[in-house]
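Data block below; observations after.
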Amino acid sequence: MKGWRSKLIFMFILYFAGFATAVYMLAPQPDAEPGQNIEQNAVQTAFANFDSQEFVKSFNSGMHKCIDLGKDAALRTSKYIKQKTQDSES
């Protein structure tokens, strides 16, 4: 009983951490103040120039590659299992 509960809680924590990260990334950045150093300004500029459409295209491309690799691995695994079962029957 304890195993599935801890997994469920872990998945909730992971889900809400991802959601909080998405909200943080999409929230508008405050204007730079005169007392801020160069690194803080560079980070704010990088997030201000974040292009969500470009990210979506890149993420979509990566997901399709991942799915294709998964299909290929599943196909090779099924062929391997069929070969081993045929060898064991002989």
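The values are calculated or read from the model by the stated rules, or taken from the named source; none is laboratory data. Small disclaimer: the values here were computed from a predicted structure and weren't measured. Cβ sites come from the backbone with ideal geometry, for glycine too, and all protein chains shown count toward neighbours. Note: areas computed on protein heavy atoms with side chains; ligands, DNA, RNA excluded. Shrake-Rupley method; radii C 1.70, N 1.55, O 1.52, S 1.80 Å.
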### Message
Can you tell me which lysines have their Cα less than 30 Å from the Cα of K65? Leave out same-chain residues fewer than eight positions away.
### Response
K7, K57, K79, K82, K84
### Query
Under a point spin-label approximation (7 Å from Cα along Cα-to-Cβ), what is the D72-A17 distance to one decimal in nm?
3.1
### Summary
Largest-first ranking of K79, K84 by accessible area, probe 1.4 Å, whole protein assembly kept, is K79, K84
